[in-house]
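Chemist: Below is the structure I would like to discuss, written out as C-alpha cells.
Where a number appears in this text, it was derived from the coordinates with a stated rule and is not lab data. Model, not experiment: these values are computed from the prediction. Counting neighbours? That spans all protein chains shown, and the Cβs are built from the backbone with ideal geometry, glycine included.
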Amino acid sequence: MMNILVTGGAGYIGSHTCVELLNAGHNVIVLDNFSNSSPKALERVMTITNKPLVVIEADIRDPDALDRVFNEHAIDAVMHFAGLKAVGESTEIPLTYYDNNVNGTRVLMTVMAEYDVNCLVFSSSATVYGDPDSVPIAENFPLRTTNPYGQTKLVVEQMCREVTQANKTLSVILLRYFNPVGAHPSGLIGEDPKGIPNNLMPFIAQVAVGKRSQLSVFGNDYDTPDGTGVRDYIHVVDLAKGHVKALEKLHIASGCHAFNLGSGRGYSVLEMVAAFSKASGKHIEYNIEKRRAGDIAQCYASAQLAKQVLGWQTELTIEDMVQDTWHWQSNNPEGYAS
C-alpha cells in the first residue's frame, strides 16, 4: 500500500485511475484546480469504491501549495495528469499550454526532489509521434509533433529523461495514450468536456442524447477502408489499469521508460458511429466536411512493449467502449451538471 499523489485526479482519465488505485488498496491524495473538471467526479469515485480519498484544490504551478501537500502527506509516488489537452486550443494559446504543461511539471518535479520522492508516472500522448511514417507505431519511432499540445508533452518527456540522468534514484514511466474513450461501467463517472467536445466519442454521445444536432466528419477521402480517419481507441478503464501496472514497475527500475497504451488496432470514424448507433439505438446524424489541417489518415499503436514489460494489455472491446459511453451519457445528459 502506497500514498499516491494524483495531479488532475478529477479529470476524465485521472478519476478512472483513482478508482483503480483505491481498488488496488492504495491511499489517494488528489490535487486539482478544477479548471476543466468537477469535484463531483471525486465524490462519485468514493461512491464507486466505498473508500475515502483526500481532495486538495490547488494548482501544480503553485510551489507553496505543493510544499504543503508533500509536507502533510508521506507521498510515495506521483501520477501526473494535470494539464491542458485540446490540440486546437493549443494552437490559439500556446503560451498558456507551455505554462500549464511544461512549467507545471517543472514545479512538481522540483518539489518532488526536495522531498526525495523518486517515482513518477507521467500522462503523455501519442501526439509525440506526429504524422508517423508507418503503423503500428512503436516506442522507438521518431518523436516529432504537429501542434503545441504535442510539443508540450514532448518537452516534458525530454525533461524527465534529463532529470533521471542527473538523479540516478529517480524512476519515471511515460505513458503514451492513444484515444481514450468509454466510461466506468457504473455510469457514475465519464468524459464531461467543457463546451464543444474536441474528441469524437463525446461528440457522438452528445448527438445521440440530443444535445447536438449532428456530427462533423472531417474528410472521407483518406487512404483508409471507408475514407475516414482511423484511430486506436482504448477503453478508459483499461487505460487506468495500465497506470496501476506502471506503478508496480516503478520500484523495480530507475531511469525513464516510455510505453504505448493502445489496443493495437484502428477503427475508422464511421465504424465508431455505426457501433455507437447500434449500442444506443439512436440514429447519429453526420455531415462530411473538409479535412482538418494537421489531421492524419491513420494512427494506431504497437502495444507489445507494455505487454512484455508491464504485463498489461487491453481487455475491453469496441462494444464495451460504446455501451459504457452511452450508459454514462444517457444517465448524465449534461455531464456532472446533470
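Chemist: Which peptide among 265-274, 227-236 comes first, and what is the full order, when sorted by highest mean count of other Cβ atoms within 10 Å?
Modeler: Averaged packing, sorted descending, gives the order 227-236, 265-274.
Chemist: Quick check: from the Cα gyration tensor, does segment 81-163 come out rounded (a/c under 1.5), prolate or oblate?
Modeler: oblate
Chemist: Where is the GNM fluctuation largest for the chain (alpha-carbon springs, 10 angstrom cutoff): I284, I93, I318?
Modeler: Comparing I284, I93, I318 in the GNM, the peak value goes to I93.
Chemist: Moving to a separate point now. Is the shape of segment 269-338 best called rounded, prolate or oblate, per the rule: a/c under 1.5 gives rounded, else a/b larger than b/c gives prolate, else oblate, with a ≥ b ≥ c the square roots of the Cα gyration tensor eigenvalues?
Modeler: The shape class here is oblate.
Chemist: What is the magnitude of the charge dipole of the chain about its Cα centre, with +1 placed on the Cβ of each Lys and Arg, -1 on the Cβ of each Asp and Glu, and no other charges, expressed in debye to the nearest 20?
Modeler: Dipole magnitude for the chain comes out near 300 debye.
Chemist: I need the shape label for segment 1-149. Rule: rounded when a/c is under 1.5, else prolate if a/b > b/c, else oblate, with a, b, c from the alpha carbon gyration tensor.
Modeler: Taking the square roots of the gyration eigenvalues as a ≥ b ≥ c, segment 1-149 is prolate.
Chemist: For the chain, build the charge dipole from Cβ charges (+1 Lys, Arg; -1 Asp, Glu) around the Cα centre, then report which of G242, L143, G8 sits farthest towards its positive end.
Modeler: G242
Chemist: Of the candidates N167, N103, N140, which one comes out as most mobile in a Gaussian network treatment of the chain with C-alpha springs shorter than 10 Å?
Modeler: N140
Chemist: Out of all DSSP beta bridges in the chain, what portion is antiparallel? Express it as a percent rounded to 5.
Modeler: 5 percent
Chemist: For segment 117-206, would you read off the P(r) tail past 19 Å as a percentage of all alpha carbon pairs?
Modeler: 55 percent
Chemist: So how strong a dipole does segment 272-338 carry about its Cα centre when Lys and Arg Cβ are +1 and Asp and Glu Cβ are -1, to the nearest 20 debye?
Modeler: 260 debye
Chemist: Considering only Q329, L31, G229, whose Cα is most displaced toward the positive end of the charge dipole of the chain, charges sitting on Cβ of Lys, Arg (+1) and Asp, Glu (-1)?
Modeler: Among Q329, L31, G229, the one farthest towards the positive end of the dipole of the chain is G229.
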